[in-house]
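> Here you go, one structure.
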Amino acid sequence: MTSSDSDRRPPPGGLVWFDEPAPPRRTEQLSRERIVRAAMDLADQEASGEFTMRALATGLGVRSPMALYRYVGSKNGLLDLMADQVYGQFAVARGEGWREALRTMGRTGWDAVRRHPWFARLAFSRPPLGPNALDLYEAALTELDPLGLDAAIRSRCVDTVLGQVFSSGLALLEERTMRARTGLSTDDDLEQAAAPYMERIAAAGKHPHFVRWATDPQRHAPGPQPFDQTLE
């Protein structure tokens, strides 16, 4: 073993993009692509988006999670790969002006987050350094270039839209987790469970505006969601 080999350390934070060796040759049972796809499916099925490497290994038909690490480096490496797959579902309109570019990015991003709510947590915890994430930022920043803004301002414009997407997605994830934990899967379930408490609040008379809002039948009427309205 050479001194450079002995000094080799895993990439900081398990980032798969930092000096990770290429995965071994795919087999009939395992490949990096298959592992990432299976992990995304597993995360989609869990309300909290959480999963264990052992559960993933079992689903893929292998006995030990260690077999998976040869392809993804670590659990964090796998999360990086999963997140970048979702970044690949964002789109930026090209050649239609900066407003349409950011609007398209926000709308397609919101669609992607609704398909994969767990991604919102990763967007805040894993750096966007994968190829799809870099392509997304490059496309968005390019469409802002004609405005003549400096790099920091252009970056803030992009981050403002993405921040709204990620924050809304994180709220969606937390609500989904709460509903699974409490068994209150629908708004009707929640309102029925809260009815006795709401009756006490109404009787106390201290929060009339809240009571009026909470009992308004139009509160859940179909229509544009607040996130969608911010993109108009």
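> Taking just the C-alpha trace of the range 114-215, give me its Rg and Dmax in Å.
When restricted to the Cα atoms of the range 114-215, Rg and Dmax are 20.7, 59 Å.
> Here's another thing I want to ask about it. Using a Gaussian network model of the chain with C-alpha springs under 10 Å, which one of Ala120, Ala83, Ala195 is most mobile by mean-square fluctuation?
Ala195
> Would you tell me the accessible area of Asp189, worked out with a 1.4 angstrom probe on the heavy atoms of the protein chains, in Å² to the nearest 10?
My reading of the accessible area for Asp189 is about 50 Å².
> If you roll a 1.4 Å probe over the heavy atoms of the protein chains, what accessible area per residue do you get for the chain, in Å²?
60
> Here's another thing I want to ask about it. Can you tell which of Asp159, Asp145, Asp188 shows the greatest fluctuation in a Gaussian network model of the chain with Cα springs below 10 Å?
Its mean-square fluctuation being the largest, the pick is Asp188.
> Also: Most fluctuating residue of Arg156, Arg25, Arg179 in a GNM of the chain with Cα springs under 10 Å: which is it?
Judging by the Gaussian network model, the answer is Arg25.
> Using the alpha carbons of the chain, what is the convex hull volume per residue in cubic angstrom, as a whole number?
Convex hull volume per residue, Cα atoms: 201 Å³.
> With every protein chain present, what accessible area does Phe18 have (1.4 Å probe, heavy atoms only), rounded to the nearest 10 Å²?
The accessible area comes out at roughly 80 Å².
> Hey, how many Å between the Cα centroid of the range 131-145 and the Cα centroid of the range 172-212?
41
> How large a share of the accessible area of the chain, in percent, is made up of carbon and sulfur atoms when the probe is 1.4 Å and the other protein chains stay in place? Don't skip to the end; give the middle numbers.
Values: 7470 of 14030 Å².
That fraction is 53 percent.
> Turning to a different aspect of this structure: May I ask which residue of Ala93, Ala123, Ile35 lies farthest towards the positive end of the charge dipole of the chain, with charges of +1 (Lys, Arg) and -1 (Asp, Glu) on Cβ and the Cα centre as origin?
Working it through, the farthest residue towards the positive pole turns out to be Ile35.
> Hey, another quick one. Averaging sequence separations of C-alpha pairs under 8 Å and six or more residues apart, then dividing by the length of the chain, give the relative contact order as a whole percent.
Taking the mean separation of contacting Cα pairs over the length of the chain, I get 19 percent.
> Leu149 to Glu174: extension gain in nm, 0.36 nm per residue of separation minus the Cα-Cα distance?
5.4 nm
> Could you derive backbone 3J(HN,Hα) for the range 86-93 from the dihedral phi with the Karplus parameters 6.51, -1.76 and 1.60 (θ = phi - 60°), listing whole Hz in sequence and x where the residue is Gly or Pro?
Couplings: 6, 4, x, 8, 7, 9, 10, 5 Hz.
> Sorted by accessible area with a 1.4 angstrom probe, largest first, how do Ile201, Ile153, Ile35 fall?
From most accessible down to least: Ile153, Ile201, Ile35.
The values are calculated or read from the model by the stated rules, or taken from the named source; none is laboratory data. All figures in this text were calculated on a predicted structure; none of them were measured in a lab. Methodologically, a virtual Cβ is constructed for each residue, glycine included, from the backbone with ideal geometry; neighbour enumeration extends over all protein chains shown. Heads up: the accessible areas ignore ligands, DNA and RNA and are worked out on the full protein's heavy atoms, side chains in. Shrake-Rupley method; radii C 1.70, N 1.55, O 1.52, S 1.80 Å.
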